[in-house]
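Single-structure report; data block below.
The values are calculated or read from the model by the stated rules, or taken from the named source; none is laboratory data. Small disclaimer: the values here were computed from a predicted structure and weren't measured. For neighbour counting, all protein chains shown are included, and Cβ atoms are generated from backbone atoms with ideal geometry for every residue, glycine included. Surface accessibility is based on the protein's heavy atoms, side chains included, excluding ligands, DNA and RNA. Shrake-Rupley method; radii C 1.70, N 1.55, O 1.52, S 1.80 Å.
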Amino acid sequence: MPQHFHVRSEQACLHITISRPDAGNMITDPMLLDLAALIREAGEDGGVHAVVLRGAGGTFCHGRERGPAPGGPARNAHDAHQRMFKRILDVYAAFRACPVPVVAVVKGKALGFGCALVAGADVALASREATFALPEMLHGTPPTLAISALAKVAPKTIADLVYSAEEFDAGHALASGLVSRIFAPAELDAALQRLLERLGSFDRIDIATVKRFIATGPSVPPDIMSDLAGYTMATVKSRSESYR
């Protein structure tokens, strides 16, 4: 079992809970490697239809724990990328490559890297009391890595998050596309359960097809997107139907 993560399988879903509640569920460098590996392994398991990521103790994640770079100071830009930044980017890449939806369940604060995890998830369900922020500029760091995970969020919201370094409420996060839906705290778990039951009833290849199409289709010209939609549907449906 990876340290500082509680992992369980239930109803065709892998549940991953960040478990450092006394430290605001901050992510250490070794935890980055473990989280990416957990997501990749879930994607390779044909029985998994969704991955749920949440934080223990009433909050989501207060970001990454700051400390000395693993292996000492970087010798050059390439060394810094490979030893320091790649671990972060590999987590975002694992989210994108996972063939099933990654569902973030957000209570409390999602700050810095935690905010980026929410943005990188396919679906994010949040408590009305949740807050979100990218405070890196306060520490002298331009958060380009986190911004790379916020591709689904309105650009003006990203700029405001970065330059103001203020915490946004759940309503603002919903309006800008950072989260999918918001619920009263007492209703959040029931909403997640409904989503997981629905995902568990779907064909896994259909789930993966939709995730890939959402990621790819909107980035191509409309005529190409239309052709892609048609050929994708024809390919998927041909698994169970014959065409004459």
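Remind me, relative contact order of segment 140-235 in percent, using alpha carbon pairs under 8 angstrom and six or more residues apart?
Details: 29 pairs, mean separation 14.3, N = 96.
Reported relative contact order: 15 percent.
May I ask for the equivalent-ellipsoid semi-axes of segment 128-191, computed as the square root of five times each C-alpha gyration tensor eigenvalue and listed largest first in whole Å? Walk me through the numbers before you get to the answer.
Working: eigenvalues 113, 30, 19 Å².
Rounded to whole Å, the semi-axes are 24, 12, 10.
Using a simple spin-label model with points 7 Å from Cα along the Cα→Cβ vector, what separation in nm is obtained for Met225 and Leu138?
Those two pseudo-labels are separated by 3.7 nm.
Counting each DSSP H run of 4 or more residues in the chain as -39500 (n - 2.57), what helix-only mean residue ellipticity at 222 nm follows after dividing by all residues, to the nearest 500 deg cm²/dmol? Walk me through the intermediate numbers first.
Details: 10 runs with 104 residues, N = 244.
It lands at -12500 deg cm²/dmol.
So, by mean Cβ neighbours within 10 angstrom, what's the order for 152-159, 105-112 with the highest one leading?
Details: 152-159: 14.8, 105-112: 25.4.
For the peptides 152-159, 105-112, the packing ranking is 105-112, 152-159.
Mind listing the phi-derived Karplus ³J(HN,Hα) values for segment 166-173, rounded to whole Hz, using 6.51, -1.76 and 1.60 with θ = phi - 60°, and x for any glycine or proline?
Calculated HN-Hα couplings, in order: 8, 7, 9, 7, 5, x, 5, 4 Hz.
With the other protein chains left in place, how much accessible area per residue, in square angstrom, belongs to the chain at a 1.4 angstrom probe? Please report the intermediate quantities before stating the final value.
Working: 12820 Å² over 244 residues.
Accessible surface, normalised per residue, equals 53 Å².
Mind putting together the pair-distance distribution for the chain? All Cα pairs, 10 Å bins, whole percent per bin, short to long.
Calculated over all Cα pairs of the chain, the distribution is 7, 30, 35, 20, 7, 1, 0 percent.
Ignoring ligands, DNA and RNA, please state the percent of accessible area on segment 96-168 from carbon and sulfur, probe 1.4 Å. Let's see the in-between values first.
Details: 1790 of 3000 Å².
The nonpolar share, carbon plus sulfur, comes to 60 percent.
Leaving out ligands, DNA and RNA, what percent of the accessible area of segment 188-233 is carbon and sulfur, probe 1.4 Å?
Working: 1950 of 3120 Å².
So the carbon and sulfur contribution to the accessible surface is 63 percent.
If you look for lysine pairs in the chain that are eight or more places apart or on different chains, how many of them have Cα atoms under 23 Å apart? Don't jump to the answer; show the numbers that get you there.
Working: Lys86/Lys152; Lys107/Lys152; Lys109/Lys152; Lys109/Lys156; Lys152/Lys211; Lys211/Lys237.
The result is 6.
Would you please give the FRET efficiency between Ala97 and Ala186, computed as 1/(1 + (r/R0)^6) with r the Cβ-Cβ distance and R0 = 35 Å, to the nearest 0.05? Don't skip to the answer; put the middle values down first.
On the way: r = 35 Å, r/R0 = 0.99.
Given R0 = 35 Å and the Cβ-Cβ separation, E is 0.50.
Step through the residues of segment 53-61 one at a time and calculate ³J(HN,Hα) from phi using the Karplus curve (6.51 cos²θ - 1.76 cosθ + 1.60, θ = phi - 60°), rounding each to whole Hz and writing x for Gly and Pro.
Whole-Hz 3J(HN,Hα) from phi for segment 53-61: 10, 8, x, 7, x, x, 9, 7, 6.
Can you run phi through the Karplus equation (6.51, -1.76, 1.60; θ = phi - 60°) for segment 206-220 and list ³J(HN,Hα) in whole Hz, with x for Gly and Pro?
Once rounded to whole Hz, the list reads 5, 4, 5, 5, 5, 4, 5, 5, 4, 6, 9, x, x, 8, 10.
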